[in-house]
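One structure is given here, and the rest of the page talks about it.
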Amino acid sequence: MEKIQHSHVQVRGLKLHVAQSGTGPKVVLFLHGFPEIWYSWRHQMIAVANAGFRAIAFDFRGYGLSDHPPEPEKASFKDLVDDVVALLDLLGINKVFLVGKDFGAVPAFMVAVIHPERVLGVITLGIPFLIPGPVGIQFDLLPKGFYILRWAEPGRAEADFGRFDVKTVVRNIYILFCRSELQVAGENEEIMDLVDPSTPLPPWFTEEDLGVYATLYQNSGFRTALQVPYRCSQLDYGITNPKVTAPSLLIMGEKDYFMKFPGMEEYMKKGIVKQFMPNLDITFMPEGNHFVQEQLPEQVNELIITFLNKN
């Protein structure tokens with residue numbers, strides 16, 4: 001990790017933590033998911049920097065080493081979009097490749113729709129084209145007790161997580177989200193109860209990795225992280241007729257639980273998603289799970305770098 005430099009920059013009134021590697025003329029901006037952070041992209045940042053690109057990842061507002069917004073309960077995906085554009089302006093970057101994982105795909109799509117002139121290409125991992133409002137998750141079809149619905153309830157996740165230290169919470173979520181089935185709690189249990197404490201970490205995720213995540217989330221807590229994404233995903237951001245025309249790549253693990261979301265497999269495999277992203281290529285990774293960029297970094301790096309060099 002010695003090739004990655006860290007700084008704090010003032011963006012829209014908040015100090016955001018930014019990690020950078022490489023000095024190439026073309027820039028790749030990585031957007032993390034939950035319970036992730038800049039560190040989720042450690043393998044990709046080094047690889048794309050070695051391939052001649054400038055790699056940047058930042059902790060979203062309220063995550064890790066970045067400041068919380070003044071009113072976390074009012075934070076939204078639009079804030080992340082505006083932060084991305086303001087960060088690019090501050091760093092003097094005109095156009096960028098966006099790489100988004102999990103909910104980090106949403107601001108990547110929104111920037112590409114609202115500010116297409118700033119985007120060279122879009123790569124997402126684990127999430128096909130979704131924008132809250134016109135092309136969002138069908139929450140009414142999700143099973144009762146599903147983690148997204150539970151964590152959308154103010155106070156519910158706070159009480160659930162509050163029974164454990166931060167390290168255990170992150171550990172449990174990583175173990176849960178590695179599975180290929182949906183995470184659904186019964187009537188008298190919470191999401192954290194779905195993990196047996198004796199379950200080992202996946203082989204590609206070390207205790208050292210867990211320690212890095214735990215330290216970063218101990219710093220920020222989960223207040224803003226529960227708001228964005230879980231408590232702002234049903235807001236309508238006023239985007240009508242959304243379309244991403246930039247070259248795009250979706251990397252999807254076949255064992256990613258997101259494949260089990262209602263209608264998602266058909267949306268991707270039947271090409272319906274291409275109505276919104278006409279220049280999209282899709283790569284399915286047979287053994288890939290929800291954390292495919294950490295689980296199979298060499299394969300993912302090769303896919304990303306091939307795309308970057310082509311576009």
Could you check how many residues of the stretch 150-174 are surrounded by fewer than 17 Cβ atoms within 10 Å (Cβ to Cβ), of a type outside the set (Asp, Glu) and in a helix (DSSP H, G or I)? 4
Search the stretch 271-297 for residues that are within 20 Å of residue 310 (Cα to Cα) and pair each with any residue that is open to solvent by 30 Å² or more (accessible area, probe 1.4 Å) and among the hydrophobic types (A, V, I, L, M, F, W, C) when their beta-carbon atoms are under 7 Å apart and the residues are at least 6 apart or on different chains. 283/303
Condition (residue is open to solvent by less than 50 Å² (accessible area, probe 1.4 Å), of a type in the set (A, V, I, L, M) and more than 15 Å from the chain's Cα centre (by Cα)) applied to the stretch 106-118: is it met by at least one residue? yes
Filtering the stretch 75-104 down to residues that are more than 15 Å from residue 237 (Cβ to Cβ), in a helix (DSSP H, G or I) and open to solvent by less than 30 Å² (accessible area, probe 1.4 Å) yields 86, 87, 88, 102, 104
Return a yes/no flag: does the stretch 34-45 have any residue that is among the hydroxyl-bearing types (Ser, Thr, Tyr), in contact (Cβ under 8 Å) with a residue 40 or more places away in the chain and not in a loop (DSSP other than H, G, I, E, B). yes
Can you name the residue in the stretch 250-284 that is acidic (Asp, Glu) and within 18 Å of the chain's Cα centre (by Cα) and, of all such residues, is nearest to residue 104 (Cα to Cα)? 256
Determine if the stretch 262-274 includes at least one residue that is among the β-branched types (Val, Ile, Thr) and surrounded by fewer than 16 Cβ atoms within 10 Å (Cβ to Cβ). yes
How many of the residues in the stretch 238-260 are open to solvent by 20 Å² or more (accessible area, probe 1.4 Å), farther than 13 Å from residue 285 by Cα and out of contact with any strand residue (DSSP E or B) (no Cβ under 7 Å at 6 or more places or on another chain)? 6
Residue 289: passes all of (1) in a loop (DSSP other than H, G, I, E, B); (2) open to solvent by 40 Å² or more (accessible area, probe 1.4 Å) but (2)
In the stretch 8-37, anything at pLDDT 95 or above and open to solvent by 20 Å² or more (accessible area, probe 1.4 Å) is listed as 8, 9, 10, 12, 13, 15, 20, 22, 26
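The values are calculated or read from the model by the stated rules, or taken from the named source; none is laboratory data. Treat the numbers as computed from the prediction; the structure is a model and nothing was measured. Note that we place each Cβ from the backbone using ideal geometry, even for glycine, and neighbour counts take in every protein chain shown. Accessible surface areas use protein heavy atoms only, side chains included; no ligands, DNA or RNA. Shrake-Rupley method; radii C 1.70, N 1.55, O 1.52, S 1.80 Å.
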